[in-house]
Amino acid sequence: MKRTQRIFLNVIFFLQVLLLFLFLFEDRLSLPLWLEVAGRLHPAILHLPIGLMAFSIVLVFMQSQFKKKVYFKITLTVLLLTSFTSSVTALFGFFLSKQGDYGLDALTQHKNSGIGLSFACYFLVLAFVYLKKSQLIYYGMGLLTVCVMVYSGHTGSVLTHGENFVLAPLRKSSNSLGGTEGSAFQSVIYPILEKKCTTCHNRTKAKGKFVMTSMSEFMKGGKNGTEWVAGNPTESRMIQYIHLPLADDDHMPPDGKPQLSRQEIKLLEFWIAGGADVEKKLADLADLDSFKIMGSAAIAMAKPITTEEKPYLFSAASEETINKMNTPFRTVFPLYQKSPALQADFFIKESFKSTSLEELLEVQNQLVVLNLSKMPVTDTDLKTIGNFSNLEKLNLNFSKISGSGLSSLRSLKHLSSLSLAGTSITALSLTPVLALSSLTELFVWNTKITEAEKAKLVTANPKITIVTSQFVDDKILRLGKPLLANEGTIIKKNEPVVLRHSMPGVSIRYTLDGTKPDSLSISYDKPILLTATSTIKAIACRPGWYCSEVYETTCFVEGLKPARAELLTKPDKQYPGEGDKSLVDGRKGFIDVFKESAWLGYQNDPFAAAFTFNSNPPILHSIVISYGKNVGSSIFPPEVVEVWAGKNSREITLIQSIKITQPLTYETQQVAALTIPLKATHYSFYKLIAKPVKKIPAWHSGKGKKGWVFVDEIFFY
Amino acid sequence: MENEFLKSRLHVNRRHFLGKMGLGLGSVALGSLLIPDLFSGTDDAALPIGLPHFAPKAKRIIYLFQNGAPSQLESFDYKPMLTKMRGEELPASIRMGQRLTGMTSGQKKFPLVGSHFKFQQYGKSGAWVSEMFPNIAKIADELCFIKSMHTEAINHDPALTFMQTGAQQGNRPSMGSWLSYGLGSENKNLPAFCVLLSRGRGNGQGVYSKLWTNGFLDSIHQGVQFSSSEERVLYLKDPAGRDRADSRKMLDNLAQLNDLNYKEFGDPEIQTRIQQYEMAYRMQTAVPELTDLTHEPDNIIKMYGADCLAPGTYAANCLLARKLSEAGVRFVQLYHQGWDQHGNIVGEMPLQAQDVDRATAALIMDLKQRGLLDETLVIWGGEFGRTNYCQGDISKDNYGRDHHPRCYTIWMAGGGVKPGMTYGESDEFGYNIIRDPVHVNDFHATVLHLMGLHHDQLNFKHLGRRYRLTDVAGKVVSGILA
């Protein structure tokens, strides 16, 4: 051994003696301030002996790599350093123990084991130096030292991080505080304390001498007594500490530890404001009590969302088998991932065959849900279904069974829901399935079961929810309106006008003269042949229903086409349509889409258009203007319509002028026809003028303004 | 040239392999640091798609979307205080600086106004329902009201898009698409996600196909819109002069061509296209069977009301929704327009309610009598609520309400939700939530949960990150789970 090493060993010896001395006369000790600083370095330097010790273990395994002398030198240095640092650590730890407010038990354990470790390290050096011959003793002592080190380290960690720090993530929290089962304190407040406070405020650590892990100590409070003033959160020390600025030393939880959320602080405050009661239950509080509202929300939030999964005892079918079962008309799939239970659905009745059901026998044990709704399943097919022994839900609504095969279902010991609505089963045929103890719901409406039998069924089987009739009330309802079936409202020559109604068994009655139809009006038995543009009003009637509201539509019979049609005044900029083309293009506008190109809109100027026929003009009996009426949007019929005619555009005279009666209320919007009768004229040139309403009447919201005129097509007959 | 193709197909050489492996192992290690429970349970890591993650409560959804936002204060959230305080100013302590829409931001006064319509309690659950909904009132014990919904958007488009896709911007997959993606189709002859539109008689707001978009998901998950016309699915009929056998032949040849294309380019959309042609072919049989209402028993017609025979009405859509759902369609989305009553609540809302009331109740009872309600989730509600104050001036017998995102009511029924309960509560002004708030993300999380999916594990990687319906938020509302 060199001289330096010898001196080092003596220093270490001195440290051991010092430690022993301090340990024995602990009570008489008072620390100078600078030593307190040294004490606080304990958590930093404690890592040195641990690292050095680990290194010395590595050296043992690397022994063969070195020459004997070198090995001895290195190991000795490392061991001396280990011993020195562990002594200093123990010393500093001793200083620290004098200033902290730690719980007694854990502190004592840590102190004793720390000093023990320091001694152990010293003896290890001695063993290494002086018992060179018997390495076994050195190894044994080494092992012992490591054990002491682990124990001491562990007790130290309990002091800083609280008990069970390492394993906490793996453990379920246990409500260790006790108190009244189900009390608001236990279900709302304690979980907060447990999450954010008890790592320090527990028996072992007992910061501020305040222990929150036992009810009696919690009630007793910390070193300054009770931590709250019941009913007064602002005066309560616990709350005050929470509200101190984060930088403040007394702020709780200390900076760097998980902080309380706003909601948690509120809950603590509410609890204290409500008297800091540890017994009261949330349910006992008033409904609008803030503590109750927030507390219940917190409980609900904290509750883990469970998904119950029914355990099945049978094993899963192979993926290959399941894939093989799937066709476009039959879907077979597990209820959820990794579930052995299967559901099978059938679609498209034309594709259903008995064999497609039999193929499912390959998964007969796994099948739990079977949906055969609307499939042409017969009673013989039920035999196949009887093999699906784990079936729970079976849907046979609107299938072709008569009930005689239901006895095959007797083997389905797990069947809980059976749907047989819309089939021709009888009450008697149900007996075998009613005997199934697992059955909880049964749907048998629209079957051959009589009303009397239904009542009996329900009373005789109180455990089963039996739906025997549809949920429909006795109220008499109004039918929907009949509709025009033709493609548009322009009717070609000899094209019949077809009315229809989507409900079978409805009779339609109609008028063509503008009067309101009733049950005495013309009955619609065959398509109507129109000779002139007319307004059809129709209703639908059916026994057991109120007649429909009136359906009204104007059908425009196709007329004669002029050779040329042109607009003489420009339509409003917003509604230009397609100009001249819109006049006679055979396209009708939709009533609520006036922006559409079929419509020509006029407000400031009157509508004026010129129509030229060939040199040999036809005899005209009437002109029909198809116009839009939407009174709510200030679209009125024209006020005055004039027809001028002559040989050509220069030689024309006024041959007809009509004043149109204006609506007096907000009538329903529609595309209407304005028929202008002519006296069998045959001019080649016609000019048509339609003037918008000059002043909208006072009852209308747009009173005083000009009305609009919208034209989509002109017809000549 | 050929060589390049080969290379691109293989995509792996020694360097790639080593590089990938190094990176792969590194990211696994890093991943375990970032996602602490990556290795804890093999169950939850990267769940495959196509089946529920756990036993589902509901197998199918029918979402009766009331587009335009029906007023909660005239339907299900009864606030007598507003009637008492009619005409008085909304207290600032209640409004708490809530932003306003452009329609009322210029308004100087915010006079409170109560419901014009009478309320009454119904059923064992004692749910308050307005007189406008007599049929829904009758089935109150089947419903689970959530009176504490709240959203982030204040205008129709973003709010609607948020409700449907979980984001306000409109580039994400719709709820139905997510479910189609997560659960697949039950019936291979029909799309998994169908959309039905109808229009009421009130002030309406548009709906547009971005609401049923597949977003970044495979296009097979897009919602298929059914037309309101006689022909419910457009272009499904065989064209004149071609019969089904010709179609079959044509499709077979087309599939061969597409397959060649696929082999050359490897674009998965080509496969999707082949599948879609095949489904359309099968839909030619499946759809007419579904949309034919002439074979419905008289009682069913009576339940839904006569309107159900007129295509394109809400009642017809409800009936069709039931038939689609019965035929295994995962998600049937209805939109009923016309609930945007900024003015004239007294005039318009009864008409809207009349269109909806009977058919809605009928749908629920029809599902129940078929034994399907316990596995079908029905949702009824709009995109936000309406204000407790009047928009514009209060007149003696009429008023209107503006948009209100802070609190509104929806209800659910069937598949896995507690029947006959009310969850959450608004204050006596019907303005703020005082108990159990449910955010749109929470609503989505809950719906996915009912369908047997972990909302945080149903995701899709797009543009470098994983997206979910609930994106980075959402908590299952356990209080309404049966």
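The values are calculated or read from the model by the stated rules, or taken from the named source; none is laboratory data. Values in this document were obtained by computation on a predicted structure and should not be read as measured data. Methodologically, a virtual Cβ is constructed for each residue, glycine included, from the backbone with ideal geometry; neighbour enumeration extends over all protein chains shown. Ligands, DNA and RNA are excluded from the accessible area calculation, which covers all protein heavy atoms including side chains. Shrake-Rupley method; radii C 1.70, N 1.55, O 1.52, S 1.80 Å.
A few remarks follow.
- Among the residues of segment A:630-650, some residue qualifies, meaning at least one is free of Cβ contacts under 8 Å to residues at least 24 places away in the same chain, in a loop (DSSP other than H, G, I, E, B) and open to solvent by 20 Å² or more (accessible area, probe 1.4 Å).
- Check on A:ASN232, modelled with pLDDT of 80 or more and open to solvent by 20 Å² or more (accessible area, probe 1.4 Å): yes
- B:PHE265 within 26 Å of the chain's Cα centre (by Cα) and among the aromatic types (Phe, Trp, Tyr): no
- Segment A:295-316, residues that are touching a residue at least 40 places away in the same chain (Cβ under 8 Å), open to solvent by 50 Å² or more (accessible area, probe 1.4 Å) and part of a helix (DSSP H, G or I): A:ILE299, A:ALA302
- For A:THR331, the conditions (1) β-branched (Val, Ile, Thr); (2) open to solvent by 50 Å² or more (accessible area, probe 1.4 Å); (3) facing chain B (nearest Cβ under 7 Å) are fulfilled apart from (2).
- Segment B:158-177 residues that are free of Cβ contacts under 8 Å to residues at least 24 places away in the same chain, paired with ones that are aliphatic (A, V, I, L, M) (beta carbon under 7 Å, 6 or more apart): B:GLN168/B:ALA153
- Looking only at residues of segment A:47-97 that are in a helix (DSSP H, G or I) and charged (D, E, K, R), we find that the one that is nearest to A:MET141 (Cα to Cα) is A:LYS73.
- The single residue among A:GLU487, A:GLU453 that is more than 9 Å from chain B (Cβ to nearest Cβ), acidic (Asp, Glu) and in a loop (DSSP other than H, G, I, E, B) turns out to be A:GLU487.
Results for (1) in contact (Cβ under 8 Å) with a residue 60 or more places away in the chain; (2) aromatic (Phe, Trp, Tyr); (3) touching a Gly at 6+ places or on another chain (Cβ under 8 Å); (4) part of a loop (DSSP other than H, G, I, E, B), shown as yes or no for each residue.
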site	(1), (2), (3), (4)
A:ALA680	yes, no, no, no
A:ILE696	yes, no, yes, yes
A:LYS705	yes, no, no, yes
A:ILE714	yes, no, no, no
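- A single entry from A:PHE92, A:PHE14, A:PHE25 fulfils the requirement of being in contact with a His (Cβ under 9 Å, 6 or more places away or on another chain) and either free of Cβ contacts under 8 Å to residues at least 60 places away in the same chain or within 30 Å of A:LYS132 (Cα to Cα) (or both): A:PHE92.
- Scanning segment B:89-109 for residues that are in a loop (DSSP other than H, G, I, E, B) and of a type in the set (Ser, Thr, Tyr) yields B:THR101, B:THR104, B:SER105.
- The residues on offer are B:TYR467, B:TYR389, and the sole one that is assigned to a strand (DSSP E or B), open to solvent by less than 10 Å² (accessible area, probe 1.4 Å) and more than 14 Å from A:ILE305 (Cβ to Cβ) is B:TYR389.
- Answer from A:VAL363, A:VAL377, A:VAL368 - the residue that is touching a residue at least 12 places away in the same chain (Cβ under 8 Å), open to solvent by less than 80 Å² (accessible area, probe 1.4 Å), among the β-branched types (Val, Ile, Thr) and within 12 Å of chain B (Cβ to nearest Cβ): A:VAL368
- Residues of segment B:110-127 that are in contact (Cβ under 8 Å) with a residue 40 or more places away in the chain and either assigned to a loop (DSSP other than H, G, I, E, B) or open to solvent by 80 Å² or more (accessible area, probe 1.4 Å) (or both): B:PHE110, B:VAL113, B:GLY114, B:SER115, B:HIS116, B:PHE117, B:GLY123, B:LYS124, B:SER125.
- Residues of segment A:337-359 that turn out to be within 10 Å of chain B (Cβ to nearest Cβ), open to solvent by less than 70 Å² (accessible area, probe 1.4 Å) and under 16 Å from B:PRO56 (Cβ atoms), as a count: 5
- Matching option when the condition is in a helix (DSSP H, G or I), more than 29 Å from A:VAL444 (Cα to Cα) and within 14 Å of chain A (Cβ to nearest Cβ), among B:ASP374, B:ASP355: B:ASP355
- Residues (within 23 Å of B:ASN258 (Cβ to Cβ), facing chain A (nearest Cβ under 7 Å) and either open to solvent by less than 50 Å² (accessible area, probe 1.4 Å) or free of Cβ contacts under 8 Å to residues at least 40 places away in the same chain (or both)) located in segment B:283-293: B:ALA286
- Summed over segment A:457-481, the residues that are in contact with a Ser or Thr (Cβ under 7 Å, 6 or more places away or on another chain), touching a residue at least 60 places away in the same chain (Cβ under 8 Å) and part of a loop (DSSP other than H, G, I, E, B) give a count of 3.
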